[in-house]
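The values are calculated or read from the model by the stated rules, or taken from the named source; none is laboratory data. These figures come from a predicted structure and were not determined experimentally. In this analysis, Cβ positions are derived from the backbone assuming ideal geometry, glycine residues included, and neighbour counts consider all displayed protein chains. Quick note on the areas: whole protein, heavy atoms, side chains included, nothing else; ligands and nucleic acids left out. Shrake-Rupley method; radii C 1.70, N 1.55, O 1.52, S 1.80 Å.
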Amino acid sequence: MRRVVILGSTGSVGTQALDVVERSGGELELVGLAAASSFERLIAQAEKHGVTRVALADDAAAARAAEVWTRGEVLRGNEGLVELIVNSGADLVLNAMIGSAGLGPTVAALGEGIDLALANKESLVVGGELVMALAEATGAQVIPVDSEHSALFQLVNSEQRPGTIDRLVLTASGGPFRGRRLEDLKSVTREEALAHPTWDMGGKISIDSATLMNKGLEVIEAMHLFAMPLERIDVVVHPQSIIHAMIQLNDGASLAHLGNPDMRVPISYALHYPERMDVPVRPLDLAELGQLTFEHPDEEAFPCLRLAREAALAGGTAPCAMNAANEVAVQAFLDREMPFTGIAEVIERTLEAHEPVPIHHFNVLYGADAEAREIAREFVGGVRA
Ligand code: MG
């Protein structure tokens, strides 16, 4: 039996993870749940799954939860999240928090030597070098939940000899605006941007998919997870999302990972790793699909992919600043404060204003994150005006 804490259980990945736990036939035991602020849903989940300890990152939400829920313990704030991670006897933490707020919990789990099923890509985008070094130091495993990285993890692990992998290839659905020109993107609405063609996801990640920033974040995530230089990671647009990733080997062979897009597959793999358990997904029928198509990403219409690569190349705190600017910009778009195309503009200007410094400590990241948010908010005002 494996004892599991789920962070971000009220979100899309978290809810599907609860499904996976329920189907595990007792293989997985839930020992803690956490969310940012949705306390009513969190309490309902705890009641349903027999969990007696929860944590809420938001102080006010935690206070409300403690008032209405007397059958269990409510931990409060970021310290509460850390306490839930380190004091619940967890063997595995699933981190499905949203944004750079996931970095603290990632560090807490790995620092304790607890294996981490990572659905929070921002942890690696922001602090990849330190995070992977921490895992190495404590011997904890980082098992990716992101579908492309779960695929890569399986493909990379299938190669036993070092030095055989030439390139990693990530596929991208292209998002809801694939094929449109930059001009056409100025007037797209929040609702159009939230309608993702192939994956069922939350608000922030849906917007990231629409701008292709999601793929930019994933390139950086892959760079850290698989210790692969940026220039050996490719992105190809594949609207059907059937091939999730591919590795190209030194003898000319390429290995790909295929399946109908369903997040329960990578979630189940991460929670049960190295075992595989049954997941009730539709089997892949290639003849029924008929054809799979591929194209280059359009970096003129979708500059975020280029911006992510530029930030990764600049190194130091640049990816952290880029991520912070993206979070501020996405929120501003969701709040209808600026147009869709403003997202890339705010990120680009924030990166121009940011002076990257080397990262010696996690505190450097928290400082860079806060500073970049402030700069980005000013640019949001500028784009709006
Ligand atoms: Mg993904």
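Things worth noting here:
- Looking only at residues in segment 101-122 that are open to solvent by less than 20 Å² (accessible area, probe 1.4 Å) and within 19 Å of residue 151 (Cα to Cα), the one that is nearest to the ligand (Cβ to nearest atom) is 121.
- Some residue of segment 72-93 being among the aliphatic types (A, V, I, L, M), within 17 Å of the chain's Cα centre (by Cα) and within 16 Å of the ligand (Cβ to nearest atom): no
- In segment 222-234, the residues that are in contact (Cβ under 8 Å) with a residue 24 or more places away in the chain and open to solvent by less than 50 Å² (accessible area, probe 1.4 Å) form Cβ pairs under 8 Å with partners that are in a helix (DSSP H, G or I) and charged (D, E, K, R), at six or more places apart or across chains, as follows: 222/148; 224/129; 230/309.
- Top-ranked residue of segment 279-312 - restricted to ones that are more than 30 Å from residue 185 (Cα to Cα), at pLDDT 95 or above and among the charged types (D, E, K, R), ranked as surrounded by the most Cβ atoms within 10 Å (Cβ to Cβ): 285
- Taking segment 243-266 as the range and being touching a residue at least 12 places away in the same chain (Cβ under 8 Å) and more than 14 Å from residue 152 (Cα to Cα) as the test, the residues that pass are 250, 251, 260, 261, 262, 263, 264.
- Residues of segment 129-146 that are open to solvent by less than 10 Å² (accessible area, probe 1.4 Å), closer than 25 Å to residue 325 by Cβ and within 16 Å of the ligand (Cβ to nearest atom): 144, 145.
- Only one of 361, 354 that is touching a Ser or Thr at 6+ places or on another chain (Cβ under 9 Å) and surrounded by fewer than 24 Cβ atoms within 10 Å (Cβ to Cβ): 354
- Qualifying position, being more than 24 Å from residue 321 (Cα to Cα), part of a helix (DSSP H, G or I) and within 12 Å of the ligand (Cβ to nearest atom), among 261, 266: 266
- Checking each residue of segment 158-172 against the condition of being surrounded by 16 or more Cβ atoms within 10 Å (Cβ to Cβ) and either among the aromatic types (Phe, Trp, Tyr) or not in a strand (DSSP E or B) (or both) gives no match.
- Scanning segment 19-39 for residues that are within 19 Å of residue 109 (Cβ to Cβ) and either modelled with pLDDT under 95 or in a helix (DSSP H, G or I) (or both) turns up 20, 21.
- Failed criterion for residue 42 (all others in (1) out of contact with any helix residue (DSSP H, G or I) (no Cβ under 8 Å at 6 or more places or on another chain); (2) under 26 Å from residue 140 (Cβ atoms); (3) of a type outside the set (Ser, Thr, Tyr) hold): (1)
- Taking first residues from segment 38-61 that are over 18 Å from residue 98 (Cβ atoms) and partners that are open to solvent by less than 30 Å² (accessible area, probe 1.4 Å) and of a type in the set (Phe, Trp, Tyr), the Cβ contacts under 6 Å between residues at least 6 apart in sequence or on separate chains come to 43/69.
- Any hit, segment 327-340, residues being open to solvent by less than 10 Å² (accessible area, probe 1.4 Å), modelled with pLDDT of 95 or more and touching an Asp or Glu at 6+ places or on another chain (Cβ under 6 Å): no
- Checklist (1) open to solvent by 10 Å² or more (accessible area, probe 1.4 Å); (2) of a type outside the set (Ser, Thr, Tyr); (3) part of a helix (DSSP H, G or I) applied to residue 193, failing item: (1)
- Residue that is nearest to residue 310 (Cα to Cα) [pool: residues in segment 230-251 that are assigned to a strand (DSSP E or B) and within 12 Å of the ligand (Cβ to nearest atom)]: 235
- Out of 204, 186, one residue alone is touching a residue at least 24 places away in the same chain (Cβ under 8 Å), charged (D, E, K, R) and within 16 Å of the ligand (Cβ to nearest atom). It is 204.
- Every residue from segment 89-100 that is of a type in the set (Val, Ile, Thr) and open to solvent by 10 Å² or more (accessible area, probe 1.4 Å): 98
- Only listed residue being within 16 Å of the ligand (Cβ to nearest atom), modelled with pLDDT of 95 or more, closer than 30 Å to residue 251 by Cβ and among the aliphatic types (A, V, I, L, M), chosen from 210, 227, 222: 222
- Scanning segment 173-183 for residues that are open to solvent by less than 20 Å² (accessible area, probe 1.4 Å) and more than 15 Å from the ligand (Cβ to nearest atom) yields a single hit, 177.
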